[in-house]
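The values are calculated or read from the model by the stated rules, or taken from the named source; none is laboratory data. Quantities reported herein were computed from a predicted structural model and do not represent experimental measurements. Here Cβ is always computed from backbone atoms with ideal geometry, including for glycine, and neighbour counts include all displayed protein chains. Each accessible area value is taken on the protein alone, full model and side chains, heavy atoms only, with ligands, DNA and RNA left out. Shrake-Rupley method; radii C 1.70, N 1.55, O 1.52, S 1.80 Å.
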Amino acid sequence: MALDSKIPHGPIKDKWTDYKNHINLVNPANKRHIDIIVVGTGLAGGSAAATLAELGYNVKAFAYQDSPRRAHSIAAQGGINAAKNYQGDGDSTYRLFYDTVKGGDYRSREANVYRLAEVSANIIDQCVAQGVPFARDYGGLLDNRSFGGVLVSRTFYAKGQTGQQLLLGAYSAMNRQIARGKIEMFNRHEMLDVVKVDGKARGIIARNLITGEIERHSAHAVVIASGGYGNVYFLSTNAMGSNATAAWKIHKKGAYFANPCYTQIHPTCIPRSGDYQSKLTLMSESLRNDGRIWVPKNIEDAKAIQKREIKPTDIAEENRDYFLERRYPAFGNLVPRDVASRAAKERCDAGFGVNATGEAVFLDFATAITRYGKTQAKIHNIENASDAKIYELGQAIVEEKYGNLFQMYEKIVDENPYETPMMIYPATHYTMGGIWVDYNLMTSVDGLYCIGEANFSEHGANRLGASALMQGLADGYFVLPYTIGDYLSNEIRTGKIPTNTPEFDEAEKEVTDRINFFINNNGEYSVDYYHKKLGNIMWEKCGMSRNEQGLKEAMVEIKALREDFWKNVKVPGSANEMNPELEKAGRVADFLELGELFAKDALDRNESCGGHFREESVELEGEQKGEAKRNDTDYAYVAAWEYTGEPADAVLHKEILEFKDIELKQRSYK
Amino acid sequence: MNLTLKIWRQKDSKSKGQMVDYKVTDISEHMSFLEMMDVLNEQLVNTGEEPVAFDHDCREGICGMCSMYINGEAHGPDRGVTTCQLHMRMFKDGDTITIEPFRAAAFPVIKDLVVDRTSFERIQQAGGYISVNTSGNTQDANSIPISKHAADEAMDAATCIGCGACVATCKNSSAMLFVGAKVSQYALLPQGQIEAADRVRNMVAQMDLEGFGNCTNTGACEIECPKGISLENIARMNRELMKANL
């Protein structure tokens, strides 16, 4: 099947308005005869479910948690972007569009990104109306801060818990519709397959995670909002339950999977401390507004720090290497995530890491605390303030801005970051790849939609900070509710979709056979045993730095691991009860397939792009010497993979990316 | 560290449960409590036993899922943290640790340490929202200034993660800190004023219907709350309720 992105014609600034003016609508009285399934109720799924219900459709929403409020969107810390230009610092829809396309290393679709920038301002209005307590300044107006990769302050925030507050906003909108009976909520349910009838998505098979019961649910359209697949690395900043199952299952039923090799490596995570580690914890990127990143200039100092013989504060200013400020004077500590991550890894690989494993750099707040302290002393008319007083005043400001993050760091690392610099290291975070969708957010299967992190469309090869929340809510509140209506306008005569059909029988049988296999296999090794092995291959060979040989090896190793998994995995307990090991087994089985496609996609893309440094593709000359080298001549496309049976045999479809409104050029943050 | 764990095992909501002893060895003080539980579960899977079911997800202290009652305290001995943020450095080699599910009539046990907290959902559905259409055609966000103080206070209340520690630790199994937090968030913001009376009446009525007890001002909830939600929110909820009923 050929890829048709269905991008509307006309000037980019008018596309979305014109599109909305010309789509087919569903009569309000007919909406109540139409059912929509939404899988996943984080920011994207939650906002979509609430809005579709409000429009009058019957929504069935599914979450693996006991409540939509626990979706991993809740953990997003820093903020949400919107081109409001409240600060008067030159922001505009175009500039947000430009920054996002550039930040994504020119691998996203222009029309989608422009639409995102366009609706971004509405999101803030909407959330404020819902009672989201964004930070305010003393005049009572909304406050903003700045994030990596941009030169304006367009990020709205609610302390370091912006994701939580936005999610609770969407959750409250859902609750209102649940109370009215317009959303039927299925908590502790997991979608295990999609059901297609005559080529259209018409329902899902779900497992009740409390009773183990397999259920059939039908609808006129299915929306997947199941988040990202970063847990393919085992260690990531994702929640433990974040999985690829819904997305992977629809891929196997015909939805193309786009750019699987694009995962974001986030520069500011708490470093790994031991083999027992179950996940990594992110420190918001907003910390880079005030924190300065450095390692010792001299290798002897680095060694002494690693052995804890000296303290970071013992190292004099002139012996510190503020490597981001040195290499990228224009953006300094606020370079985009991929650039910051690679630069940190480069220093650590050269031996300058600052913790016992040598895999950490410092994020230091001393300068900011002193700067804020001096301002505060002036404001409060304290003359000749002592250094200690200045520090105390400054610390209070930093605490107000980032207090919960500092507390979180202290709990995990057992060090006080007000007294000693934080240690950070890059970690797998958000996945930019995902299910391929057209401008309507429809996948390559009719009636099957995919929104939020689960799709591929807006972030290109790299996501700028504070843009994930923006995309999730834009898709759910403002984009999907229009585009899905255009499709559903043809469904008003369809009537209720029955579930006692051969298509449902077949999908249910596949699901139960697989569950029964796991329960009866009585193998030798636990699910985690396989997951950790997979994660290791992924990080070593498909991580921040990749080469052809490593990727080829990874494909062979993952396939072998998968074969071993299907022979030797052990799942205790039974199928007809709550069984977390069984849930994990199904998810890891999917990761073991996705991982191989990931490596295959990375192998195909012989260019350095976003967070991924392809060792064969590096700038050799000029100002950008040593930086990642993108190749627009050969790789300015979206790689959309079609499933044909084995991940290694997936067929590549290319959506050539056209840049009409932004000139493709070397990304420079110097 | 080597530890003895006394853990509540219960097959499902209908079965009778019991405490079972387990030993874990080589526990690092840098592990989180849940990572220690992972070690135990790996051990159980390897010996063919059923691992202990417990709720957890983000492991960053924000999803509110990890609902363990450890040595008689919700989320264990450390202050202001969830179980995932509790680290083994809080314990000593040779310790015996008792681990139970959150106990409250309105939180029935589903399995082992997993409890059903959907009563919280129903309370939120009874009025924990502002009735605004999600069309995006709302007025400009800066058109109603909100004082920094009010916004900050609303934010403090909104920080509640819905974990249920307040209920689990209360001798009356009261949910008033949880409900008070939501009522307060909206009571402090101009957007929440229009429906304030209905909201507090409906949420409080649902809370009673679910079987949560009343507040007797012991204050254990505030102490055990991982997010430091203050008792002031209960007072505000009571004031709002009184105002609504006048």
Checked against (1) among the β-branched types (Val, Ile, Thr); (2) buried (at least 17 other Cβ atoms within 10 Å of the Cβ); (3) more than 10 Å from every other protein chain (Cβ to nearest Cβ), B:Val115 satisfies every condition except (3)
Count of residues meeting criterion [over 21 Å from A:Arg109 (Cα atoms), among the hydroxyl-bearing types (Ser, Thr, Tyr) and in contact with a Lys or Arg (Cβ under 7 Å, 6 or more places away or on another chain)] in region A:620-655: 1
Within region A:316-349, track down each residue that is open to solvent by less than 10 Å² (accessible area, probe 1.4 Å) and part of a loop (DSSP other than H, G, I, E, B). A:Tyr328, A:Val335, A:Pro336
Would you mind finding the one in B:Gly76, B:Gly17, B:Gly72, B:Gly61 that is farther than 21 Å from A:Thr211 by Cβ and surrounded by fewer than 22 Cβ atoms within 10 Å (Cβ to Cβ)? B:Gly72
Checked region B:38-74 for anything assigned to a loop (DSSP other than H, G, I, E, B), more than 7 Å from chain A (Cβ to nearest Cβ) and touching a helix residue (DSSP H, G or I) at 6+ places or on another chain (Cβ under 8 Å); matches are B:Val52, B:Phe54, B:Cys66, B:Ser67
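Filter region A:266-309 down to residues that are more than 14 Å from chain B (Cβ to nearest Cβ) and of a type in the set (A, V, I, L, M, F, W, C), then give me how many there are.
Total meeting the criteria: 8.
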Give region B:145-168 a look and list any residue that's open to solvent by 20 Å² or more (accessible area, probe 1.4 Å) and in contact (Cβ under 8 Å) with a residue 60 or more places away in the chain, or say none. B:Asp156, B:Cys160
List pairs: first in region B:181-192 and more than 9 Å from chain A (Cβ to nearest Cβ), second open to solvent by 10 Å² or more (accessible area, probe 1.4 Å), Cβ under 6 Å, 6+ apart or cross-chain? B:Ala181/B:Cys160; B:Ala181/B:Asn233; B:Val183/B:Glu240; B:Ser184/B:Asn233; B:Ser184/B:Arg236; B:Ala187/B:Ala196; B:Ala187/B:Glu240; B:Pro190/B:Ile144
Per the filter on region A:492-520, residues open to solvent by less than 40 Å² (accessible area, probe 1.4 Å) and either over 23 Å from A:Ala49 (Cβ atoms) or within 33 Å of the chain's Cα centre (by Cα) (or both) are A:Thr501, A:Phe504, A:Ala507, A:Val511, A:Ile515, A:Phe518, A:Ile519
When the residues of region A:561-596 are filtered to those that are among the hydrophobic types (A, V, I, L, M, F, W, C) and out of contact with any Leu (no Cβ under 7 Å at 6 or more places or on another chain), which remaining residue is surrounded by the most Cβ atoms within 10 Å (Cβ to Cβ)? A:Val588
Sort through A:Glu583, A:Glu577 and tell me the only one that's in a loop (DSSP other than H, G, I, E, B), within 14 Å of chain B (Cβ to nearest Cβ) and not hydroxyl-bearing (Ser, Thr, Tyr). A:Glu577
Just give me the residues in region A:398-454 being buried (at least 22 other Cβ atoms within 10 Å of the Cβ), out of contact with any Pro (no Cβ under 6 Å at 6 or more places or on another chain), of a type outside the set (Gly, Ala, Ser) and part of a strand (DSSP E or B), in sequence order. A:Met422, A:Ile424, A:Thr428, A:His429, A:Tyr430, A:Thr431, A:Ile435, A:Met442, A:Leu448, A:Tyr449, A:Cys450
Unmet requirement for A:Ile183, which otherwise passes all of (1) more than 8 Å from chain B (Cβ to nearest Cβ); (2) without any contact (Cβ under 8 Å) to a residue 12 or more places away in the chain; (3) of a type in the set (Val, Ile, Thr): (2)
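Does A:Leu96 qualify as being away from chain B (no Cβ under 14 Å), open to solvent by 10 Å² or more (accessible area, probe 1.4 Å) and among the hydrophobic types (A, V, I, L, M, F, W, C)?
Spelling it out, it is not the case that A:Leu96 is away from chain B (no Cβ under 14 Å), open to solvent by 10 Å² or more (accessible area, probe 1.4 Å) and among the hydrophobic types (A, V, I, L, M, F, W, C).
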Hits in region A:350-381 - residues which are in a loop (DSSP other than H, G, I, E, B) and open to solvent by 70 Å² or more (accessible area, probe 1.4 Å): A:Ala356, A:Thr357, A:Glu359, A:His380, A:Asn381
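Table: residues versus (1) aromatic (Phe, Trp, Tyr); (2) more than 29 Å from A:Tyr530 (Cα to Cα); (3) in contact (Cβ under 8 Å) with a residue 12 or more places away in the chain.
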| residue | (1), (2), (3) |
| --- | --- |
| A:Arg587 | no, no, yes |
| A:Glu593 | no, no, yes |
| A:Gly610 | no, no, yes |
| A:Pro647 | no, no, yes |
| A:Ala650 | no, no, yes |
| A:Glu658 | no, yes, yes |
| A:Tyr669 | yes, yes, yes |
Is there any pair linking a residue in region A:461-486 that is without any contact (Cβ under 8 Å) to a residue 60 or more places away in the chain to one that is charged (D, E, K, R) and open to solvent by 10 Å² or more (accessible area, probe 1.4 Å), with Cβ under 6 Å and at least six apart or on different chains, and which? none
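Would you list the strands (runs of 3 or more DSSP E) that sit entirely within region A:198-308 and hold 1 or more residues that are crowded, with 24+ Cβ neighbours inside 10 Å and touching a Lys or Arg at 6+ places or on another chain (Cβ under 8 Å)?
A:200-208, A:221-224, A:263-269, A:292-296
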Does region B:96-106 contain at least one residue that is crowded, with 24+ Cβ neighbours inside 10 Å, modelled with pLDDT of 95 or more and at the interface with chain A (Cβ under 10 Å from one of its Cβ atoms)? no
Which members of region A:59-87 meet the condition of being among the small types (Gly, Ala, Ser), at pLDDT below 95 and more than 30 Å from A:Arg207 (Cα to Cα)? A:Gly78, A:Gly79
Answer yes or no as to whether A:Ile662 is under 19 Å from A:Asn112 (Cα atoms), of a type in the set (A, V, I, L, M, F, W, C) and loosely packed, with under 14 Cβ neighbours inside 10 Å. no
Please name all residue pairs, on different chains or six or more residues apart, with Cβ atoms under 7 Å, provided the first residue is in region A:161-175 and is more than 7 Å from chain B (Cβ to nearest Cβ) and the second residue is of a type in the set (Val, Ile, Thr). A:Thr162/A:Ile80; A:Gly163/A:Ile74; A:Leu166/A:Ile80; A:Leu166/A:Val132; A:Leu167/A:Ile74; A:Gly169/A:Val132; A:Met174/A:Thr41; A:Met174/A:Ile183
Test: residue in region B:86-95 that is among the hydrophobic types (A, V, I, L, M, F, W, C), assigned to a helix (DSSP H, G or I), in contact (Cβ under 8 Å) with a residue 60 or more places away in the chain and open to solvent by less than 10 Å² (accessible area, probe 1.4 Å): yes
Looking at (1) open to solvent by less than 10 Å² (accessible area, probe 1.4 Å); (2) within 11 Å of chain B (Cβ to nearest Cβ); (3) in contact with a strand residue (DSSP E or B) (Cβ under 6 Å, 6 or more places away or on another chain), which is the one condition that is false for A:Tyr57? (2)
For region A:98-135, name all the residues that are in a loop (DSSP other than H, G, I, E, B), under 16 Å from A:Val150 (Cα atoms) and in contact with a His (Cβ under 8 Å, 6 or more places away or on another chain). A:Gly104
